[in-house]
Amino acid sequence: FERALDVDPTYARAHAGLSLSHFNEWSCQLWEKWDEKEELAYEHALRAAALDDADAHVQIVLGRVLLYRRDFEQAEARIARALQLNPNDADVLVQAAITRAFVGAADEGVALARKAMRLHPRHPDFYVPCLAIPLFVSERYGEACEVAARAPRSVVDLPAYVAAAAALEGRSDLASRHLATFLDAYREKVVFGCAPETGDPLRWIDLVNPYQRREDFERLARGLTLAGLPSDPSPMAAGN
């Protein structure tokens, strides 16, 4: 993307690609560079939108960044514009799907993700959590577990969702196995082999899952607690 911008500094898609690259590191991996990656993702998304306001991919990238910045009103506006610009682009649809779940419209998210998968039947693994998470939020726990099984390690926190879903259904053995899978991935990819402090994994899940409605996150947290994940012991936890 940087080489593309060397050739054409006004190429909006290259800025969107850089934004998405920084976004993926910000929201998924580089925990120690959270602030830096957030700022770079936001900066390039804004540049992309300024250069081309009629590109659905640019709009969806900016919408996701705004969502993770907890600017829910602006995020929803950008997502809606992306869908208006191109309602049949599978990548746009699947990214919109997970954002709808985070703002409390999980059933709409399920429908968008299923449409995306129909349009792109050989879709990459990252489509799987974009359906599994809306299913979890809509309290369709069995379906969420079945979908997640298609790509159980596609993102770090997907096993945490499966653990919570299984625990909320009373399937303690399945919950324990997937909680262990999540904690292994968390130690490897987020804290790079360090032993996490009590409550750190749950705080990380909270940060990388930008729920507008607190009750949706609390349902996830309750399921994880039932699965065996220690709760956040900090005095601020009850107010977060």
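The values are calculated or read from the model by the stated rules, or taken from the named source; none is laboratory data. Keep in mind the model is a prediction, meaning the values are calculated, not measured. Cβ placement follows ideal geometry from the backbone for every residue including glycine, while neighbour counts extend to all protein chains displayed. Just the protein is used for accessible areas: all its heavy atoms, side chains included, with ligands, DNA and RNA removed. Shrake-Rupley method; radii C 1.70, N 1.55, O 1.52, S 1.80 Å.
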Matching residues, segment 2-20, being over 17 Å from Leu46 (Cα atoms) and modelled with pLDDT under 95 = none
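For residues in segment 38-57 being under 13 Å from Ser21 (Cα atoms) and not hydroxyl-bearing (Ser, Thr, Tyr), which is surrounded by the fewest Cβ atoms within 10 Å (Cβ to Cβ)?
Filtering first and then ranking leaves Glu39.
Yes/no per residue for (1) of a type in the set (A, V, I, L, M); (2) part of a loop (DSSP other than H, G, I, E, B); (3) modelled with pLDDT of 95 or more:
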site: Glu39; (1), (2), (3): no, no, no
site: Ala45; (1), (2), (3): yes, no, yes
site: Leu93; (1), (2), (3): yes, no, yes
site: Gly109; (1), (2), (3): no, no, yes
site: Cys130; (1), (2), (3): no, no, yes
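Can you go through Arg177, Arg153, Arg140, Arg171 and tell me which one is open to solvent by 40 Å² or more (accessible area, probe 1.4 Å), out of contact with any Leu (no Cβ under 6 Å at 6 or more places or on another chain) and at pLDDT below 95?
Details: Arg177 fails: at pLDDT below 95; Arg140 fails: at pLDDT below 95; Arg171 fails: at pLDDT below 95.
The conditions single out Arg153.
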message = For segment 111-125, which positions are surrounded by fewer than 19 Cβ atoms within 10 Å (Cβ to Cβ) and part of a helix (DSSP H, G or I)?
response = Ala111, Arg114, Lys115, Arg118, Leu119
